[in-house]
Amino acid sequence: MKEKQRIYTLAISTSDKVLDVPIQHRVVHENDDQMQTTISVTIQGQKMSFAAETTEEVLIQFAKSLPLGWNIKSCLSCRYGHFCPVGNNDNELFCVTEFEPKEISDLWHVTEDDGERNKRHKNLFHLCNQYLPQSDDYFTYNDYYLNMKKRNS
């Protein structure tokens with residue numbers, strides 16, 4: 001069994017401000033290739049913990065638990081944060097800001113080459129100054145927006 005723990009700062013937007021919230025991220029790899037991911041966080045004095053198989057799933061659980069109008073601001077919720085069409089590691093996506101992909105195949109060339117992958121690689125908690133939220137008007141190859149749309153409807 002292998003275990004990795006790390007503290008990330010996750011930006012959460014409310015109706016009037018952005019909170020930078022420390023999140024404890026724990027990933028345990030079992031001997032049979034099973035993985036368990038846990039995040040623990042305290043917001044406004046309330047302690048919360050979520051567990052799932054992947055970091056994406058656990059962050060979506062967390063985002064769904066936030067009050068309406070509160071949203072995660074990170075690569076996971078950014079229009080430029082794409083998963084790899086042929087597979088990616090846990091807590092990994094790829095930032096594509098210099099062109100607008102229209103479909104999954106547009107992402108092949110930016111994820112098939114090791115140099116391109118390394119240049120674009122981000123973790124799901126990361127936030128940069130180019131952040132724009134996902135929307136119906138922009139193709140993003142990850143499930144965050146669709147999962148949150150279900151929550152808000």
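All of D137, D114 fail the test of being open to solvent by 30 Å² or more (accessible area, probe 1.4 Å) and within 26 Å of A63 (Cα to Cα), apart from D137. Candidates in the stretch 117-130 are the residues that are touching a residue at least 60 places away in the same chain (Cβ under 8 Å) and under 26 Å from D33 (Cβ atoms); of these, the one that is surrounded by the fewest Cβ atoms within 10 Å (Cβ to Cβ) is N123.
Looking at T55, T42, T37, which one is surrounded by 19 or more Cβ atoms within 10 Å (Cβ to Cβ), more than 25 Å from T97 (Cα to Cα) and not hydrophobic (A, V, I, L, M, F, W, C)? Walk me through it before giving the result.
Working: T55 fails: more than 25 Å from T97 (Cα to Cα); T42 fails: surrounded by 19 or more Cβ atoms within 10 Å (Cβ to Cβ).
Only one candidate qualifies: T37.
Of all residues in the stretch 12-29, those being over 19 Å from N71 (Cα atoms) and either among the β-branched types (V, I, T) or open to solvent by 80 Å² or more (accessible area, probe 1.4 Å) (or both) number 3. Within the stretch 84-101, the set of residues being in contact with a Leu (Cβ under 6 Å, 6 or more places away or on another chain) and buried (at least 20 other Cβ atoms within 10 Å of the Cβ) comprises N91 only.
The values are calculated or read from the model by the stated rules, or taken from the named source; none is laboratory data. The model shown is predicted, which means the values in this text are computed figures rather than measured ones. Note that we place each Cβ from the backbone using ideal geometry, even for glycine, and neighbour counts take in every protein chain shown. Only protein heavy atoms, including side chains, enter the accessible area calculation; ligands, DNA and RNA are left aside. Shrake-Rupley method; radii C 1.70, N 1.55, O 1.52, S 1.80 Å.
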